[in-house]
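The structure appears right after this line, and notes come after that.
The values are calculated or read from the model by the stated rules, or taken from the named source; none is laboratory data. Because the structure is predicted, anything quoted here is derived from the model rather than measured. Please note: Cβ atoms are built from the backbone with ideal geometry, for glycine as well, and neighbour counts cover all protein chains shown. Heads up: the accessible areas ignore ligands, DNA and RNA and are worked out on the full protein's heavy atoms, side chains in. Shrake-Rupley method; radii C 1.70, N 1.55, O 1.52, S 1.80 Å.
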Amino acid sequence: MEAQTKTKVVLLACGSFNPITNQHLRMFELARDHLEDTGQYRVVKGIISAVGDAYKKKGLIEACHRLEMARLATENSDWITVDSWESSQPEWLETAKVVRHHYGELHTAEQYNDDVDTVKYAKKRRMQEDSFEGASEHKRRGNTHLMLLCGADVLESFGIPNLWKQEDIAEILGRYGLVCITRSGSDPYKFIHQSDMLWKYRKNIHVVHEWVTNEISATHVRRALRRGRSVRYLLPDRVVDYIQEQGLYTAESEQKNADVVLAPFQRYTSTSSS
């Protein structure tokens, strides 16, 4: 009975995953522990959504490789999955649109399950359907929450001009909520205090302190790979093997998109200047 009173949560992590590291996976575990320790939530699923190639970030290798590495990294997880919808889009999508998509998918699935349940137990529930229709609909829509999972660097990026639309930040924080994992040297609470937007939605931001500091950076991993250094134990073994087999992350690949403006800056700078 106690489990039924807890709000079910799905965690969604968006990013480059270039490549996926052990720290990316740790974020899911830390977030789940934090939310479930409150006694209010039960985390039922984690989703990794890699950004598409149209994001145009320097050194961003093809999405097909990044997705495969993410799948290899999560193959032994019983709750973290990899979704290819975002990376398969021909154009770069704002994170708010990705969150919106997964929220829709989540509740479409719940609606289907409820419809199946209704048919299965129609005879038993027919007399109650009319009187409880409104409450049942509300329960379906609010049954599972979707929260965006990120590191403190993403939270602080909300303050970078032309990187995020203010209405997107408001939607993500106000409608869905955010779980932010701290990093050494970061102070999410200070950043929240200094931002009127974040302060407004502070109750929807769950800050998780990482006591076992882990400073694995995908940028540092790529640098080590370019220089022929070992990255064993920084990434899952299957990911390390895949990188070696495919010959990924070379000096040449790091220069990809070097002279291209990042997609958000292209879109929002041209919009604001027109």
Exercise. Where the accessible area of region 164-259 is counted over protein heavy atoms with a 1.4 Å probe, how much of it, in %, is carbon and sulfur?
Worked result: 46 percent
Exercise. Phe265: accessible area at probe 1.4 Å, nearest 10 Å²?
Worked result: 70 Å²
Problem set entry | Candidate residues Met197, Met27, Met69: accessible-area rank, largest first, probe 1.4 Å | Met197, Met27, Met69
Problem set entry | Solvent-accessible surface (1.4 angstrom probe) belonging to Lys200, in square angstrom, nearest 10 | 140 Å²
Problem set entry | ³J(HN,Hα), Karplus 6.51/-1.76/1.60, whole Hz, each residue of region 199-207, x for Gly, Pro | 4, 4, 10, 4, 6, 9, 10, 9, 8
Exercise. How far is it, in nm, from the label point at Glu167 to the one at Arg202 when both lie 7 Å from their Cα along the line to the Cβ?
Worked result: 2.7 nm
Seminar exercise, completed: Which of Lys256, Lys190, Lys45 fluctuates most in a GNM of the chain (C-alpha springs under 10 Å)? That residue is Lys190
Problem set entry | Label assignment, Rg/Rh (Cα atoms, Kirkwood Rh) derived from the structure, set (i) 1.16; (ii) 0.97; (iii) 1.00 | (iii)
Exercise. So which residue, out of Gly228, Gly177, Gly159, gets the largest mean-square fluctuation from a GNM of the chain using Cα contacts under 10 Å as springs?
Worked result: Gly228
Problem set entry | the chain: most fluctuating residue of Thr213, Thr144, Thr182 per GNM, C-alpha cutoff 10 Å | Thr213
Seminar exercise, completed: For the chain, the per residue accessible area (1.4 Å probe, Å²) is 57 Å²
For this session: Quote the FRET efficiency, to the nearest 0.05, computed for Glu75 versus Thr5 with a Förster distance R0 of 41 Å and r equal to the Cβ-Cβ distance.
Result: 0.80
Exercise. Rounded to the nearest 500, what is the chain's calculated 222 nm mean residue ellipticity when only DSSP H runs of at least 4 contribute -39500 (n - 2.57) each, over all residues?
Worked result: -15000 deg cm²/dmol
Seminar exercise, completed: Amide H proximity to Arg183 below 5 Å, modelled H, separation 5+ or other chain, gives Ala152
Exercise. Counting only the heavy atoms of the protein chains, how much of Asp53 is accessible to a 1.4 Å probe, in Å² to the nearest 10?
Worked result: 70 Å²
Problem set entry | Links that overshoot a 24 Å alpha carbon limit, given the list Lys97/Lys200; Lys8/Lys97; Lys57/Lys200; Lys57/Lys97; Lys56/Lys97 | Lys57/Lys200
